[in-house]
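So the structure is just underneath, and the comments pick up after that.
The values are calculated or read from the model by the stated rules, or taken from the named source; none is laboratory data. All values reported here derive from a predicted model rather than from experimental measurement. Here the Cβ is made from the backbone with ideal geometry for all residues, glycine too, and neighbour counts use every protein chain on show. Quick note on the areas: whole protein, heavy atoms, side chains included, nothing else; ligands and nucleic acids left out. Shrake-Rupley method; radii C 1.70, N 1.55, O 1.52, S 1.80 Å.
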Amino acid sequence: MSASEETAGIPIPPPAIPFGVFTAGALVHWVASIRRWPSDGTPWLGWVLIAMCFILAAAAVAALARAGTPVDPDHPVRALVVSGPYQYVRNPIYAAFCLLYLGLAWVLGFWVCLVLFPLVPIGLMRIVIRREETYLGNRFGKEYEDYRSKVRRWGIL
């Protein structure tokens, strides 16, 4: 592989996408003085989503560590990880970002953030995941294509 092919070439840190969209939604709430919706006893749903985020992310990071491959997409991948949550979802860390985003929006009552949420998976797809999939396909060939044909990108889609 040439130096330019050693990583997926992600132009921004992946957490910047959900963080940026959430910040934009929160700023709209603040600047426009938009009322938060009343929780009416359901903030527990947001907390469940946040807990699921941390469980999923921890399991994904542990699977990467066991395989001896880095979490940071700016470093070359050393192994194709297909164990742990990766046997059910190809992008568990990005799915965890989405769970955290939704959980925080729910707990804080920021309905604008919920409206903006589709920008998160779309942004991750266009800016990060497509590049990673191309990189992994080039790096692991048929092994990655077989994995890709068996495991869904987001687990549900």
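Would you mind checking the tilt of helix 92-108 against the longest principal axis of the Cα atoms of the chain, expressed as 0 to 90 degrees and rounded to 10?
0 degrees
Just how far, in whole angstrom, is the stretch 113-157 from the stretch 23-76 if you go by their alpha carbon centroids?
What the calculation gives is 18 Å, centre to centre.
Normalising by the residue count of the stretch 1-148, find the relative contact order in percent from Cα pairs under 8 Å and 6+ residues apart. Could the numbers behind the result be given before it?
On the way: 159 pairs, mean separation 57.1, N = 148.
Dividing the mean separation by the residue count of the stretch 1-148 yields 39 percent.
What does the convex hull of the Cα atoms come to per residue for the stretch 43-132, in Å³?
Numbers: hull volume 8.3 nm³, N = 90.
It comes to 92 Å³ per residue, whole-number rounded.
Could you tell me whether the chain comes out rounded, prolate or oblate from its Cα gyration tensor? Rule is a ≥ b ≥ c as square roots of the eigenvalues, rounded for a/c under 1.5, then prolate if a/b exceeds b/c, otherwise oblate.
Values: a/c = 2.66, a/b = 1.86, b/c = 1.43.
Prolate, since a/c reaches 1.5 and a/b exceeds b/c.
Based only on the alpha carbon positions, what is the Kirkwood hydrodynamic radius of the stretch 1-93, in angstrom? Intermediate values should be presented prior to the final figure.
Numbers: mean 1/r = 0.0615 Å⁻¹.
Taking every pair of different Cα atoms in the stretch 1-93, averaging 1/r and inverting gives 16.3 Å.
Three principal axis extents, largest first, for the C-alpha atoms of the stretch 95-157, in Å?
Principal-axis extents of the Cα atoms in the stretch 95-157, largest first: 45, 20, 14 Å.
Grab the other residues whose beta carbon is less than 14 angstrom from that of A65, score K and R as +1, D and E as -1, and report the net.
Details: positive: R66, R78; negative: D72.
Local charge sum for A65: +1.
Probe radius 1.4 Å, ligands and nucleic acids left out: which of L64, L102 has the largest accessible area, and how do the rest follow?
Working: L64 15, L102 45 Å².
So the residues, ranked largest to smallest area, are L102, L64.
Using only the alpha-carbon atoms, how far is helix 43-67 inclined from the longest principal axis of the chain? Give it as 0 to 90 degrees, nearest 10.
The angle comes out near 10 degrees.
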